[in-house]
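Below is one structure, written out as structure tokens, with a few remarks after it.
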Amino acid sequence: MDRRSGDVRRRTIIVDRARLAEFLRSRREALQPEDVGLPRGGRRRTGGLRREEVAVLSDMSVDYYSRLEQRRGPHPSEQMLAAIAGGLRLSLEERDHLFRLGGYAIPQRTLRADHINPGMMRIFDGLEDAAAQVVNYLGETLKQTRLSRALIGDQTVRTGMARSALYRWFADPAARSIHPEDDHLAHSRLIAAHLHELYTRDRRDPRVTAIVDALLAESAEFAALWGEQPVTGLYCPPKRIRHPELGLLELDCQRLVDPDQSQMLVVYTAPSGSESHDKLRLLSVIGVQP
């Protein structure tokens, strides 16, 4: 029965290849290199981005993307369409239209936290040399700069509930290893308060409920803090991060909140002339180490 249902579902997915190709081409040509943080370079035969530039921004092969614009190739998955929507800096409405052209239902509202607002992306694109990341309300890192990955590791490779830094803090001891032990309790209180605020604001959000239920069952520390009904404002206190090669860095944390999508742009900085500032500059040179 399940197999037949799956076969019916596959047969009912109809991609409008012609309109999909036209839509992708129109949005690509409307973007300029400066819009996505790329250098303009020499002579350009196209008025907007090149196909290879969109492929890089979408983290896919040039051949795969090119075939979509040429009305051929495989039927794109929902994950590939979501990646293209991010690469082309589409609005939520444009992303929904892209999914319809690909033959899919539009993503549910609870899943839209994975789509970065174009305005947020434009700001992020201008922070290439900073330790910056875009994080959604669940603590899932959607995008990082090279320096951010070098500082705290690649936070985008996780899957399932472990994508959430809020969950990992209590469920995975390794998540705390980059912070001095003296700072753990303060971090725990802030994270528990943030989850409490999310849960109180909208108990119908299944992703928040799943994280809270899992942590109540798995973490005695979280259960104790949860019982206190912690409350705190949106605050990003100074961070002390222990890097395996450079030692301790004392950093300031700045957050830019996008109220429409409950996402935050988080940037770590250090005062000019400080030891931590010098370490950040060195880290930007040596990059991510094995």
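Looking at segment 134-145, is at least one residue of a type in the set (Phe, Trp, Tyr) and in a helix (DSSP H, G or I)?
Taking every residue of segment 134-145 in turn, none turns out to be of a type in the set (Phe, Trp, Tyr) and in a helix (DSSP H, G or I).
Are there any pairs, at least 6 apart or on different chains, whose C-beta atoms fall under 9 Å, with the first in segment 15-40 and closer than 22 Å to residue 80 by Cβ and the second loosely packed, with under 13 Cβ neighbours inside 10 Å and at pLDDT below 80, and if so, which?
Going by the 9 Å Cβ cut-off, the qualifying pairs are 28/46; 29/46; 29/47; 30/47.
A quick yes/no check of all residues on (1) within 27 Å of residue 251 (Cβ to Cβ); (2) touching a helix residue (DSSP H, G or I) at 6+ places or on another chain (Cβ under 8 Å); (3) at pLDDT below 90:
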residue	(1), (2), (3)
134	yes, yes, no
137	yes, yes, yes
148	yes, no, no
167	yes, yes, no
216	no, yes, no
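Determine whether residue 241 is assigned to a helix (DSSP H, G or I), modelled with pLDDT of 90 or more, in contact with a strand residue (DSSP E or B) (Cβ under 9 Å, 6 or more places away or on another chain) and of a type in the set (A, V, I, L, M).
Criteria not met by residue 241.
Given the options 203, 281, name the one that is over 17 Å from residue 167 (Cβ atoms) and at pLDDT below 90.
Being over 17 Å from residue 167 (Cβ atoms) and at pLDDT below 90 holds for just one of 203, 281, which is 203.
Can you pull out every residue in segment 265-282 that is in contact with a Cys (Cβ under 9 Å, 6 or more places away or on another chain) and farther than 10 Å from residue 249 by Cβ?
Residues satisfying the conditions are 266, 267, 269.
With a cut-off of at least 3 residues that are free of Cβ contacts under 8 Å to residues at least 12 places away in the same chain and of a type in the set (Gly, Ala, Ser), name the helices (runs of 4 or more DSSP H) lying wholly within segment 162-229.
220-227
Which residue is surrounded by the fewest Cβ atoms within 10 Å (Cβ to Cβ), if the candidates are limited to segment 59-99 and must be in contact (Cβ under 8 Å) with a residue 40 or more places away in the chain, more than 22 Å from residue 124 (Cβ to Cβ) and not hydrophobic (A, V, I, L, M, F, W, C)?
72
So for segment 141-157 (the condition being surrounded by fewer than 18 Cβ atoms within 10 Å (Cβ to Cβ), in the same structural domain as residue 256 (by TED's automatic domain parsing) and β-branched (Val, Ile, Thr)), does at least one residue qualify?
The answer is yes, given that some residue of segment 141-157 is surrounded by fewer than 18 Cβ atoms within 10 Å (Cβ to Cβ), in the same structural domain as residue 256 (by TED's automatic domain parsing) and β-branched (Val, Ile, Thr).
Among the residues of segment 42-58, write down those that are assigned to a loop (DSSP other than H, G, I, E, B) and either of a type in the set (Lys, Arg) or crowded, with 17+ Cβ neighbours inside 10 Å (or both).
43, 44, 45, 48, 49, 50, 58
Among the numbered criteria (1) under 18 Å from residue 91 (Cα atoms); (2) at pLDDT 85 or above; (3) not basic (Lys, Arg), which one does residue 113 miss?
(2)
The values are calculated or read from the model by the stated rules, or taken from the named source; none is laboratory data. Just so you know, these numbers come straight off a predicted model, no measurement behind them. Counting neighbours? That spans all protein chains shown, and the Cβs are built from the backbone with ideal geometry, glycine included.
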